[in-house]
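Below you'll find the structure, written out as structure tokens, and then a few comments.
Read-outs throughout are calculated quantities, based only on the coordinates presented, and are distinct from any laboratory measurement. Predicted, not measured: the structure shown is a model, and the values here were computed from it. Don't worry about glycine lacking a Cβ; one is built from the backbone with ideal geometry, like all the others, and counts go over all protein chains shown.
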Amino acid sequence: MTDCVNALATTTGSEIVSPSKMDRGYRYVKDKWTCAGLTPQPSDFVRPHRIKECPVQMECELVASHDLMNNVPDRKGLTVAIEVRVMRIHALDELRMKGYANRIDPDKWSPMIMSFQELYGLRKGKLSKSVLGKVDEEKYRALTKSDVITQQGDEDQDIAKQRLELPK
């Protein structure tokens, strides 16, 4: 699935791409299914389609959304944590634990995990190169650092630069 994830990594469904996203290399894509080479499959309970190629799929409904960074006036709600209720899980039969209808065998399924913009699995090392891994992580700092208040840790970027500039 790494090729599919990378194909979509810097895409947005918004026709107007924000300057922040443009700076990180994002582009508008109307049909993400075709872009990623994926196949839509009807869901049982929710409107969005499932991805046929995914070995495990969850149909979820939104329970609540929670604005984050409430203590930073100009960043409040910029990021949101969502709480969902899983209504149905679809999994390939070969991933199920022998003798159980509703258990995934962890020895048979190694989910992909994104860690610091890189794609990993449950084995050592990266699964493949990540498109998002090419985006300078510092470009995300502006999303969390306020323009109107100073917070503890705001100077960390400057301290890190000073450390790099020290003679060795």
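Dividing the Cα radius of gyration of the chain by its Kirkwood radius returns 1.02 for Rg/Rh. Each residue of region 145-151 is assigned a 3J(HN,Hα), and the resulting list reads 9, 6, 8, 10, 9, 9, 10 Hz, derived from the Karplus form 6.51 cos²θ - 1.76 cosθ + 1.60 (θ = phi - 60°), x at Gly and Pro.
Once the chain from Glu53 to Lys32 is taken as fully extended at 0.36 nm per residue, the excess over their C-alpha distance is 6.1 nm. Working ranking of peptides 103-114, 76-87 by packing, defined as the average number of other Cβ atoms within 10 Å per residue, highest first, is 103-114, 76-87. In this structure the amide hydrogen of Ser128, modeled in the peptide plane, comes within under 5 Å of the amide hydrogens of Leu119, none closer than 5 places in sequence on its chain. Checking the Cα-Cα distances for Lys52/Lys134; Lys30/Lys134; Lys30/Lys124; Lys30/Lys139; Lys52/Lys108; Lys52/Lys139 against a 30 Å cut-off, the pairs over it are Lys30/Lys124; Lys52/Lys139. Counting charges near Ser18 (Lys, Arg +1; Asp, Glu -1) among other residues having Cβ under 14 Å from its Cβ returns a value of +2. Straight-distance candidates among the aspartates and glutamates for linking to Lys21, with alpha-carbon spacing under 20 Å and chain neighbours fewer than 8 residues away dropped: Asp31, Asp74, Glu118, Asp136, Glu137, Glu138, Asp147.
For the chain, the 222 nm mean residue ellipticity estimated from helices alone, with every DSSP H stretch of n ≥ 4 adding -39500 (n - 2.57) and the total spread over all residues, rounds to -4500 deg cm²/dmol. Rounded, prolate or oblate: which one fits region 1-56, using the alpha carbon gyration tensor with axes a ≥ b ≥ c (rounded when a/c is under 1.5, else prolate when a/b beats b/c, else oblate)? It is prolate, given that a/c is not under 1.5 and a/b is the larger ratio.
Taking a ≥ b ≥ c as the square roots of the eigenvalues of the Cα gyration tensor, region 46-135 is oblate, since a/c reaches 1.5 or more and a/b is not larger than b/c. Neighbours of Met87 by Cβ distance under 15 Å: Lys/Arg scored +1, Asp/Glu scored -1, total 0. Tell me the angle of helix 156-165 to the major Cα principal axis of the chain, expressed in degrees between 0 and 90 and rounded to the nearest ten. With both axes taken from Cα atoms, the answer is about 70 degrees.
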